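Written out below as structure tokens is the structure these notes cover.
The values are calculated or read from the model by the stated rules, or taken from the named source; none is laboratory data. Just so you know, these numbers come straight off a predicted model, no measurement behind them. So basically every Cβ, Gly included, is an ideal-geometry build from the backbone, and we count neighbours across all protein chains shown. These accessible areas exclude ligands, DNA and RNA; they are computed on the full protein's heavy atoms, side chains included. Shrake-Rupley method; radii C 1.70, N 1.55, O 1.52, S 1.80 Å.
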Amino acid sequence: MSFTAVRHALFTVHMWVGLILGILLAALGLSGSLLVYDEAISDWISPPPHATTAGQPLPLSMITGVARVAAAEQGLEIGGMQILVPQKTGDVVVVRFNGVSPMGSPQNGQRRAARGLQMYIDPVSGEVLNSRGFAQAGLLTFMHQLHGNFLMSRETGRPIVGWLGVAMCLLGLSGLVLWWPKRGQWQYAFKVRRTASGLRFHRELHAATGIWIFLIFMAVSFSGMVIAWPQTMGLNSGAMAPRPAPSIEAGPGKQLGATEAVIAATAMVPDLQLRSIAIPRRADQPYIVNYLSHGAVSANMLFDPYRNKIIAMRDNSEHFLAWMRPVHDGTLNSVWRFLVFLSGLMPSLFIVTGLIMWWKKRQRRVPMSAMTEDLTAEEAAA
């Protein structure tokens, strides 16, 4: 089979897969673009307070004490606690609680489970600036469910998302073959010519945009497949398999706090990029110190608060697949985040230009399998 025949076969597959799955791929891409900036959007919808007090931050153990007192005053019997540390100047310490309210339910007189309390504390003054539930905004919740499961159950929707990731990869690879210019045409392969019109304009826009975003598009599509099928792709197996936290025995001394956990973690990783400390409800569970390994991959250290030592480190950054989440979410850096945002817009552009090309061929009674470069100048300009 000649290369020309292969290109024509690929063109037919590329066209029909794009037309059939285009709306689903566009929804997946647009929701992904929105979620790249979900934290910024959440802060815009419901702005958090800002810390204004200048000076040396209080120890985290003191901050947790303030938070516990404030939570008790609101009638919350405290369960677990997570402390999100400030990442930049002006940020507050965010303390999240899951607990039980002692207020009786009118139906059964039992204590009701609290959905969660999020408390904002000035890291310097220790003042509680605000507190509220930490449920996500409805728009972002909808987008997460759409992007992750297509508004279905996880068992049903997640495999569909994975297969759509396969379709995106196949469309990207077939698009690369179809884009590949003939000899002497390379100078036109990366742009839309000013003289282009009709079918040729939409074909050049489709191809030029695709080649400029190709590597980012493929990286985001492949990483999405890995996240959708963690077991199949090896993300949750072997050394990367989730492991339960070990139990610890209460020691004779005082139970240490978050400050000592951070000191111990910093001794293990001097350039620690701390994100949060989780203090469990049960006394036989270790604290979890979460940080970014190599500035991108989420990693944990487990801290024994009775013996003041790190008992385990869980850093998978040496594994290729561990980088799939920051690649897909755009959290590698701000430039990559913007490129991932752009890549999510591409399926919509591709389906619009593809539909226009399909419709113009239909109007001109041009065979659907005919490639633009095979058409006459009159047909391509129509």
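Quick one: if the Förster radius is 45 Å, what FRET efficiency do SER317 and ARG365 give, using the C-beta to C-beta distance and rounding to 0.05? Intermediate results must be reported in sequence, preceding the final value.
Working: r = 57 Å, r/R0 = 1.26.
Approximately 0.20, to the nearest 0.05.
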Quick one: length gained pulling ARG243 to ARG307 fully straight, 0.36 nm per residue minus the C-alpha distance? 20.9 nm
In µm²/s, what is D for region 154-224 at 4 °C and 1.567 mPa s, where D = kT/(6 pi eta Rh) by Stokes-Einstein and Rh is the Kirkwood radius from Cα pairs? 95
List the pair-distance distribution P(r) of region 200-329, using every Cα-Cα distance, as the percent of pairs falling in each 10 Å bin from 0 up to the bin containing the longest distance, rounded to whole percents. 12, 31, 26, 16, 8, 5, 2, 0
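Can you tell me the accessible area per residue over the chain, all protein chains present, probe 1.4 angstrom, in square angstrom? Spell out each step's value before the answer.
Numbers: 20840 Å² over 382 residues.
Value returned for the chain: 55 Å² of accessible area per residue.
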Which residue, chosen from VAL352, ILE227, TRP323, occupies the Cα position most advanced towards the positive end of the dipole of the chain, where the dipole is computed from +1 (Lys, Arg) and -1 (Asp, Glu) charges on Cβ about the Cα centre? VAL352
Theoretical FRET efficiency, 1/(1+(r/R0)^6), r = Cβ-Cβ of PHE3 and GLN187, R0 22 Å, to 0.05: 0.55
On a C-alpha basis, how far is the centre of region 259-283 from the centre of region 310-348 in Å? Whole number, if you could? 23
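Multiply the residue separation of TRP358 and ILE41 by 0.36 nm, subtract the distance between their alpha-carbon atoms, and state the gained length in nm to one decimal.
110.5 nm
Please give the length that would be gained between ALA135 and TRP180 if that part of the chain were fully extended, namely 0.36 nm times their separation in residues minus their C-alpha to C-alpha distance (nm, one decimal).
Details: separation 45, 0.36 × 45 = 16.20 nm, distance 4.80 nm.
Residue separation times 0.36 nm, minus the Cα-Cα distance, leaves 11.4 nm.
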Determine the dipole magnitude for the chain: charges of +1 sit on the beta-carbon of Lys and Arg, -1 on that of Asp and Glu, nothing else is charged, the reference point is the Cα centre, and the result goes in debye to the nearest 20. 1120
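Over region 1-49, what lengths in whole Å, largest first, do the semi-axes of the equivalent ellipsoid take, defined as the square roots of 5 times the eigenvalues of the alpha-carbon gyration tensor? Provide the component values of the computation, followed by the final result.
Details: eigenvalues 357, 22, 3 Å².
Equivalent ellipsoid semi-axes, largest first: 42, 10, 4 Å.
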Enter the per residue convex hull volume of region 121-202, computed from alpha-carbon coordinates, in Å³ rounded to the nearest integer. 268
For the chain, what does the helix formula give at 222 nm: sum of -39500 (n - 2.57) over DSSP H segments with n ≥ 4, over the residue count, nearest 500 deg cm²/dmol? -15500 deg cm²/dmol
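Over every pair of different alpha-carbon atoms in region 241-312, take the mean of 1/r and invert it; report that Kirkwood radius in Å.
Result for region 241-312 stands at 12.4 Å.
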Mind checking the alpha-carbon convex hull of region 1-100 and giving the volume per residue in Å³? 229
Over its Cα atoms, what ratio of radius of gyration to 2.2 N^0.38 Å does region 135-294 give? 1.62
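Over the Cα atoms of the chain, what is the Rg over Rh ratio if Rh follows Kirkwood?
Details: Rg = 26.6 Å, Rh = 24.5 Å.
My calculation of the ratio gives 1.09.
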Shape call for region 186-271 from the C-alpha gyration tensor, a ≥ b ≥ c root eigenvalues: rounded (a/c under 1.5), prolate (a/b greater than b/c) or oblate? prolate
